[in-house]
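Since the structure comes first, as structure tokens, the remarks are kept for the end.
The values are calculated or read from the model by the stated rules, or taken from the named source; none is laboratory data. For clarity, every value in this text was computed on a predicted model and none was experimentally measured. As a convention, Cβ positions derive from the backbone with ideal geometry for all residues, glycine included, and neighbour counts pool all protein chains shown.
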Amino acid sequence: MLVRLATRFAELGHKTDLVLLDGSRNNYAAELSPNVSVVNLDVPRWRFVKGIPALRRYLRREVPDAMLAALPTANAIAVWACALSSWHPRVVISERNADSTAVGTLKPQHRGMRNRLARMAIRSSYRFADGVIAISDGVAEGVRAVPGVRPERVHVIHNPSWSPEIEKRAAEPVDHPWLHDTGMPVILMVGRLVQQKDPETLLHAFALLTRSREARLIILGEGLLRRDLEACVRRLGLEDHVSMPGFSENPFAFMRRASVLALSSHNEGFGNVIVEAMACGTPVVSTDSVGPSEVLDGGRYGPLVPVGDAAALAEAIAATLDRPLPAETLKARAREFSVEKAADAYLRILLPEEKSSRLRQPDPGVA
């Protein structure tokens with residue numbers, strides 16, 4: 001999402017930097033405009049303390065007018081680096097998940113003292129940002145509940161998930177034999193193999209589906225659950241019907257040729273893959289969590305099923321295979337989440353027309 005926004009900002013004539021804590025993790029460099037400068041702070045992920053002085057040095061060197069941050073740790077680093085710098089740009093942070101470190105319930109495995117302190121630092125930073133952007137109404141509701149956050153500073157901007165580039169890349173060839181066999185439907189999942197995405201429920205739903213019809217399932221993504229999911233595939237006897245090819249730089253080519261995209265997540269702040277699949281004309285089935293419900297307009301553009309309900313998910317996939325929505329209807333809905341629309345909304349918050357001087361006295365201690 002940041003790559004798409006940065007590219008659009010540059011197209012509109014704004015000098016734009018994409019600042020990364022750890023540049024080695026940039027999987028989307030190929031999609032970035034050459035007019036956007038990439039700055040690598042070379043800070044290991046989650047090293048909160050080291051990120052602040054590294055970003056302060058960047059601020060002193062480049063003196064930007066505004067800064068947009070995303071994900072809880074980066075949000076906190078941005079706010080505190082600005083607060084401690086001689087140059088204080090307008091800082092806007094974004095919340096992308098209804099169950100993040102900042103707004104969600106602290107999970108049992110994260111209740112140690114170190115994690116509690118980190119969460120306190122992250123949550124307190126939300127009080128001092130010039131603006132907080134939530135990617136859906138449901139996420140915004142959680143942000144407004146964070147102690148000290150001023151509700152009028154919280155804005156909702158849906159993710160810039162659609163661009164003309166999606167349809168172009170969807171037309172590119174794809175090297176998977178199942179997608180060239182038009183005689184059997186293919187269900188597709190695109191996402192990280194983590195608990196939040198709940199791919200195991202999708203596997204059980206797919207097993208139920210195959211009791212009544214022939215189908216195949218492609219799980220596109222990588223993550224910590226790979227071995228567990230492979231074991232689940234074997235237990236369910238689905239080895240010949242499930243493929244897990246890993247991460248793809250062009251998931252759109254898979255989406256365009258799939259029969260249905262299935263999203264089985266426990267929670268989603270928005271659901272980018274839903275918009276991307278619809279942009280390819282592919283029907284979508286999703287669990288009824290915060291973001292997908294908004295994107296699918298309460299089920300108008302695709303069925304919504306209870307979280308963790310494999311039987312309901314299987315039934316919805318079967319119904320969608322039998323009665324898919326027209327591709328043009330799906331594409332029209334996807335265009336409502338355009339990069340242009342989102343970028344304009346972000347810029348209205350990042351660069352308001354009336355700007356006061358935010359320059360302070362020079363800080364000789366910043367190196």
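What the table shows:
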item: Residues (in contact with a strand residue (DSSP E or B) (Cβ under 9 Å, 6 or more places away or on another chain) and more than 20 Å from Pro72 (Cα to Cα)) located in region 15-38; result: Lys15, Thr16, Ala29, Leu32, Ser33, Asn35, Val36, Ser37, Val38
item: Odd one out for Leu224 among (1) aliphatic (A, V, I, L, M); (2) out of contact with any strand residue (DSSP E or B) (no Cβ under 8 Å at 6 or more places or on another chain); (3) outside any loop (DSSP other than H, G, I, E, B); (4) more than 24 Å from Ala345 (Cα to Cα); result: (3)
item: Matching residues, region 53-79, being farther than 23 Å from Ser136 by Cβ and crowded, with 21+ Cβ neighbours inside 10 Å; result: Leu55, Arg56, Leu59, Ile77
item: Meets criteria (crowded, with 23+ Cβ neighbours inside 10 Å and modelled with pLDDT under 95) for Phe270; result: yes
item: Test set (1) outside any loop (DSSP other than H, G, I, E, B); (2) under 24 Å from the mean Cα position of the chain (by Cα) - Ala207 fails condition number; result: (2)
item: Residue check for Ala129: among the small types (Gly, Ala, Ser), part of a helix (DSSP H, G or I) and closer than 30 Å to Thr7 by Cβ; result: no
item: Condition met for Asp240 (free of Cβ contacts under 8 Å to residues at least 12 places away in the same chain and either among the charged types (D, E, K, R) or touching a Phe, Trp or Tyr at 6+ places or on another chain (Cβ under 8 Å) (or both)); result: yes
item: Scan of region 1-30 for residues that are surrounded by fewer than 15 Cβ atoms within 10 Å (Cβ to Cβ), over 16 Å from the mean Cα position of the chain (by Cα) and among the hydroxyl-bearing types (Ser, Thr, Tyr), ordered by number; result: Ser24
item: Residues located in region 299-332, provided they are of a type in the set (Ser, Thr, Tyr) and not in a loop (DSSP other than H, G, I, E, B); result: Thr320, Thr329
item: When residues of region 316-327 are limited to those that are within 11 Å of Val260 (Cβ to Cβ) and small (Gly, Ala, Ser), the one surrounded by the most Cβ atoms within 10 Å (Cβ to Cβ); result: Ala316
item: Sole residue being of a type in the set (Phe, Trp, Tyr) and either crowded, with 24+ Cβ neighbours inside 10 Å or in contact with a His (Cβ under 8 Å, 6 or more places away or on another chain) (or both), chosen from Phe254, Phe247; result: Phe254
item: Residue within region 280-298 that is on the phi < 0 side of the Ramachandran plot, touching a His at 6+ places or on another chain (Cβ under 9 Å) and not in a helix (DSSP H, G or I) present; result: yes
item: Any chance Ser248 is of a type in the set (Ser, Thr, Tyr) and at pLDDT below 95; result: yes
item: Val174 vs. criteria in a loop (DSSP other than H, G, I, E, B) and either touching a residue at least 60 places away in the same chain (Cβ under 8 Å) or surrounded by 17 or more Cβ atoms within 10 Å (Cβ to Cβ) (or both); result: yes
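Conditions (1) touching a strand residue (DSSP E or B) at 6+ places or on another chain (Cβ under 9 Å); (2) at pLDDT below 95, marked per residue:
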site	(1), (2)
Ser293	yes, yes
Arg300	no, no
Pro306	yes, no
Leu321	yes, no
Ala327	no, no
Ala332	no, no
Arg335	yes, no
Lys355	yes, yes
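Results for (1) within 22 Å of Glu214 (Cα to Cα); (2) in contact with a helix residue (DSSP H, G or I) (Cβ under 6 Å, 6 or more places away or on another chain); (3) crowded, with 17+ Cβ neighbours inside 10 Å, shown as yes or no for each residue.
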| residue | (1), (2), (3) |
| --- | --- |
| Cys280 | no, yes, yes |
| Ser289 | no, no, yes |
| Tyr301 | no, yes, yes |
| Asp309 | yes, no, yes |
| Ala314 | yes, yes, yes |
| Thr329 | no, no, no |
| Arg333 | no, yes, yes |
| Glu336 | no, no, no |
